[in-house]
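Asker: One structure coming up, written as structure tokens, with questions to follow.
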Amino acid sequence: MTAIFPLPGPMARALALARAAGAAGEVPIGAVVTRGGIIIGEGENRNRRDSDPTAHAEMVAIRAAAAYLGDYRLTGCDLYVTLEPCAMCAGAISHARIARLYYGAEDPKGGGVAHGARVFGQAQCHHRPEVYGGIGEGEAGALLTGFFADRR
């Protein structure tokens, strides 16, 4: 179960989770779900460790928050993630009814919010969160750039 603590800065926590993911050999992305001033779910990329293509940071955080609330609808919740969500994660955000999405770095190659599929702009999307990009963008981008530079 996710530890619950007062909200000091949810993007700072997401960035800490991203650093932990990178140290574990995962793409350094972290996410937290908040509601009423507390973090109720958090996650970091776990694709390799869990052998799960759906174990993106957002999905892990959403699953934890849903388990905490005992409800698959995360009405009134906010999601903070260090990278623009992909189309899969954007779909989950919509289905979970996340109220607000805050993300760090943009993802022109794989993003599904401001780039690519633009899930929230599709007629088939029944719930659109408020979206705020660029929160912690510098540090989030640097983590990703450094991670991939080390592997080339």
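The values are calculated or read from the model by the stated rules, or taken from the named source; none is laboratory data. Remember, predicted model here, so these are calculated numbers, not experimental data. When we count neighbours, we look across all protein chains shown, and the Cβ atoms used for this are built from the backbone with ideal geometry, even at glycine. The accessibility values were calculated without ligands, DNA or RNA, using every heavy atom of the protein model including side chains. Shrake-Rupley method; radii C 1.70, N 1.55, O 1.52, S 1.80 Å.
Asker: Just by accessible area at a 1.4 angstrom probe, what is the order of Val27, Val81 from largest to smallest?
Answerer: Result of the area sort, largest leading: Val27, Val81.
Asker: Among bridges DSSP assigns within the chain, what percent are antiparallel (round to 5)?
Answerer: Numbers: 11 of 19 bridges.
Approximately 60 percent, going by the DSSP bridge assignments.
Asker: In debye, nearest 20: dipole of the stretch 29-85 around its Cα centre with unit charges on the Cβ of K, R (+) and D, E (-)?
Answerer: Computed about the Cα centre, the dipole is about 120 debye.
Asker: Before rounding to the nearest 500, sum -39500 (n - 2.57) across all DSSP H runs of length at least 4 in the chain and divide by the residue total; then give [θ] at 222 nm in deg cm²/dmol.
Answerer: -11000 deg cm²/dmol, from helical runs alone.
Asker: If you average the C-alpha positions of the stretch 27-72 and of the stretch 109-150 separately, how far apart do those two centres end up, in angstrom?
Answerer: 16
Asker: Compute the relative contact order of the chain as a whole-number percentage, counting only Cα pairs closer than 8 Å that sit 6 or more residues apart in sequence.
Answerer: 19
Asker: Taking the convex hull of the Cα atoms, report for the stretch 80-123 its projected area averaged over all directions, in nm². Walk me through the numbers before you get to the answer.
Answerer: Values: hull surface 11.2 nm².
Dividing the Cα hull surface by four gives the mean projection, 2.8 nm².
Asker: Can you tell me the mean projection area, over all orientations, of the convex hull of the chain's alpha carbons? Units nm², please.
Answerer: Projected area, direction-averaged: 8.4 nm².
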